[in-house]
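Okay, structure first, notes after.
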Amino acid sequence: MRAAIVTESFLPHMNGVTGSVLQILRHLERHGHEARVYAPAAADMPRMIGHARVEAIPSVALPGYRTVRVGTSSTHRLSASLVRFAPDVVHLASPFALGWRGALA
C-alpha cells in the first residue's frame with residue numbers, strides 16, 4: 001500500500017501531531033508499506049524518515065510563532081504531487097491550511 005500523509009506540523013517542530021505522524025510512519029514501514037509525507041518546509045527539516053520521503057511544501061512562519069510553519073502551496077501543486085506519487089490512501093494529519101488543500105486535491 002502507498003500512503004500519503006499531509007500534515008501541518010512536522011520535524012524539526014515536535015508536538016502531538018508530529019509525534020503521531022512519526023508513529024504512523026513507523027507502523028507503515030514495519031508492515032512493508034510505502035509512505036510519503038507532505039509538510040510545510042522548515043530549516044533543518046529531514047528529507048527522509050526511515051524509508052519515507054518527506055516533501056517540503058512552500059511555507060511561511062505563523063505570525064507570533066516563528067517556529068511554526070503554515071503551508072502556502074496551491075491545491076493544484078499539491079494535487080500534482082499526489083498524482084505523481086499515486087497513493088492508495090491520503091491521511092490528513094491536521095486539517096488546517098495544508099490539510100484542507102490535501103482534502104481538495
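Values in this text are rule-based calculations from the coordinates and carry no lab data. All figures in this text were calculated on a predicted structure; none of them were measured in a lab. Neighbour counts are summed over all protein chains in view; Cβ atoms, including those assigned to glycine, are modelled from backbone coordinates with ideal geometry.
Can you report the number of residues in the stretch 51-69 which are part of a strand (DSSP E or B), in contact (Cβ under 8 Å) with a residue 12 or more places away in the chain and either polar (S, T, N, Q) or more than 16 Å from Phe85 (Cβ to Cβ) (or both)?
We begin by selecting, within the stretch 51-69, every residue part of a strand (DSSP E or B); these are 52-57, 59-62, 65-69.
The next check asks that each one be in contact (Cβ under 8 Å) with a residue 12 or more places away in the chain; those that pass are 52-57, 59-60, 67-69.
Of the ones still in play, those that are also either polar (S, T, N, Q) or more than 16 Å from Phe85 (Cβ to Cβ) (or both) are 59-60, 67-69.
So the answer is 5.
Does at least one position in the stretch 19-32 carry a residue that is closer than 18 Å to Ser81 by Cα and either aromatic (Phe, Trp, Tyr) or in a loop (DSSP other than H, G, I, E, B) (or both)?
Filtering the stretch 19-32 for residues closer than 18 Å to Ser81 by Cα gives none.
The answer is no; no qualifying residue exists.
Pairing each residue of the stretch 39-50 that is loosely packed, with under 10 Cβ neighbours inside 10 Å with any residue that is outside any strand (DSSP E or B), provided the two are 6+ apart or on different chains, yields C-beta distances under 7 Å for Asp44/Pro12. Any residue at all in the stretch 8-18 that's touching a strand residue (DSSP E or B) at 6+ places or on another chain (Cβ under 9 Å), buried (at least 22 other Cβ atoms within 10 Å of the Cβ), assigned to a helix (DSSP H, G or I) and not basic (Lys, Arg)? Within the stretch 8-18 (the criterion being touching a strand residue (DSSP E or B) at 6+ places or on another chain (Cβ under 9 Å), buried (at least 22 other Cβ atoms within 10 Å of the Cβ), assigned to a helix (DSSP H, G or I) and not basic (Lys, Arg)), the answer is no, since none of the residues qualifies.
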